[in-house]
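Report on the following structure.
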Amino acid sequence: MRRSFPSVMVGALCLGSWLLAPGPWPLFQEPVASGQEPAAGGQQLLAEAVRRLDGQTAISAELRYRVNAFGHDLAGTGSYLQLGAGPQRLLRLELRMQVGEQPATLLEIRGTDRYWIRRDVPPNPPTLGRVNLVQLRRGLRRPDQPGGDDALPRGAWIILGGLPRLLEALENHFDFAAPRADEVFVAGSGGERQALPIWVLDGKWKPDRLAALSGRQSPAEGSLPEQLPDRVEIVLDRSDQSLPLFPYRVSYWKSAPQTAGIAAAQRELLSLELFNVHRSGQIDSRQFEYHAGDQEVLDLTAAYIQRLGGPARQR
């Protein structure tokens with residue numbers, strides 16, 4: 001059944017939030033092959049990228065994304081802010097795309113003790129939800145686990161840790177082949193073309209994760225629903241500049257059914273590119289606050305506890 005355009009927009013913004021180099025981001029022209037070999041395999045290199053990103057206490061970046069879902073090809077822009085480290089890290093994600101003559105937006109903020117999510121997708125009215133992070137941690141804590149913020153699982157996105165958690169989830173769910181050394185061209189400050197060295201990581205579902213998703217013990221490739229990818233590709237910085245192994249691009253791909261003698265076509269479901277990245281600077285902590293005013297606020301705490309693996313509780 002073909003979905004209405006507003007519902008597709010909501011799905012696209014949600015899918016974009018499921019995800020996620022000084023100077024302008026490269027246009028991803030044809031890469032220039034390089035003979036350099038990595039010192040570690042793909043899995044180890046991604047683990048190191050997670051470790052480095054997790055240690056950054058202040059990151060700001062612009063982003064653009066493209067979603068191909070339910071017969072629609074949609075594109076948008078946004079921004080990402082990360083301040084602090086560990087379980088108390090503050091995060092802000094904004095996504096924007098155009099719906100006719102009106103903008104559609106998604107805002108997620110993880111503050112000190114509240115998580116806010118606001119969707120505004122015309123012609124539907126805006127919605128605002130809130131999660132109490134203290135209650136969430138308590139609700140997700142196992143009986144044998146000591147108290148504290150370590151009760152938070154590490155497989156989620158903005159609400160539970162931001163870009164480092166996204167990469168860690170990919171590391172846990174996908175098997176990555178040996179990295180491939182490439183280069184892409186970027187526009188320098190004076191408009192000149194410059195080569196940026198990158199690592200390209202290609203990952204496929206781990207067998208146990210694929211079996212859990214498909215509900216089959218021995219699932220075949222291409223057995224997942226249309227909206228779920230078969231593989232993921234991650235582009236990491238290969239230079240020794242300010243942010244080595246920073247994830248400039250994450251893209252999810254789907255294979256079309258294979259025909260005898262013809263290679264399966266690849267379709268990009270979602271791509272997320274980060275550019276104008278800065279690891280320090282003036283990030284105002286007030287950007288991680290949200291004042292609801294007279295807006296109606298939905299309490300999503302119990303729903304998130306249930307969604308993320310804990311028992312739903314009445315508050």
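The values are calculated or read from the model by the stated rules, or taken from the named source; none is laboratory data. Predicted model only: the values in this text are computed from it and were never measured. Positions of Cβ are generated from backbone atoms using ideal geometry, with glycine treated the same way; all protein chains shown enter the neighbour counts.
Results for (1) of a type in the set (Asp, Glu); (2) under 20 Å from the mean Cα position of the chain (by Cα); (3) modelled with pLDDT of 90 or more, shown as yes or no for each residue.
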position: Arg231; (1), (2), (3): no, yes, yes
position: Arg238; (1), (2), (3): no, no, yes
position: Arg249; (1), (2), (3): no, yes, yes
position: Pro257; (1), (2), (3): no, no, no
position: Gly281; (1), (2), (3): no, no, no
position: Leu300; (1), (2), (3): no, no, yes
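How do the strands (runs of 3 or more DSSP E) wholly within region 90-177 filter down when requiring 1 or more residues that are more than 21 Å from Arg286 (Cβ to Cβ) and at pLDDT below 90: which remain?
Passing ranges, in order: 90-99, 102-110.
Would you confirm whether any residue within region 38-54 is within 30 Å of Val99 (Cα to Cα), crowded, with 17+ Cβ neighbours inside 10 Å and not β-branched (Val, Ile, Thr)? Talk me through it step by step, then tell me what you get.
Within region 38-54, the first condition is being within 30 Å of Val99 (Cα to Cα), and the residues that meet it are none.
Within region 38-54, none of the residues are within 30 Å of Val99 (Cα to Cα), crowded, with 17+ Cβ neighbours inside 10 Å and not β-branched (Val, Ile, Thr).
Select from region 87-124 the residues that are acidic (Asp, Glu) and under 19 Å from Leu298 (Cα atoms) and write down the one among them that is surrounded by the fewest Cβ atoms within 10 Å (Cβ to Cβ). Don't jump to the end; show me each part of the working.
Of region 87-124, the ones acidic (Asp, Glu) are 94, 101, 108, 113, 120.
From what is left, the residues that are under 19 Å from Leu298 (Cα atoms) are 108, 113, 120.
On the way: Glu108: 22, Asp113: 13, Asp120: 18.
The extreme case among them is Asp113.
What are the pairs with Cβ atoms under 9 angstrom where one residue, in region 186-198, is more than 23 Å from Leu45 (Cβ to Cβ) and the other, located anywhere, is modelled with pLDDT of 70 or more and of a type in the set (D, E, K, R)? Sequence gap at least six, or different chains.
Every condition considered, the pairs that remain are Ala187/Arg193.
Conditions tested, residue by residue: (1) modelled with pLDDT of 85 or more; (2) closer than 16 Å to Glu108 by Cβ.
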site: Leu19; (1), (2): no, yes
site: Phe28; (1), (2): no, no
site: Val32; (1), (2): no, no
site: Ala39; (1), (2): no, no
site: Leu46; (1), (2): yes, no
site: Asn68; (1), (2): yes, no
site: Gly78; (1), (2): yes, yes
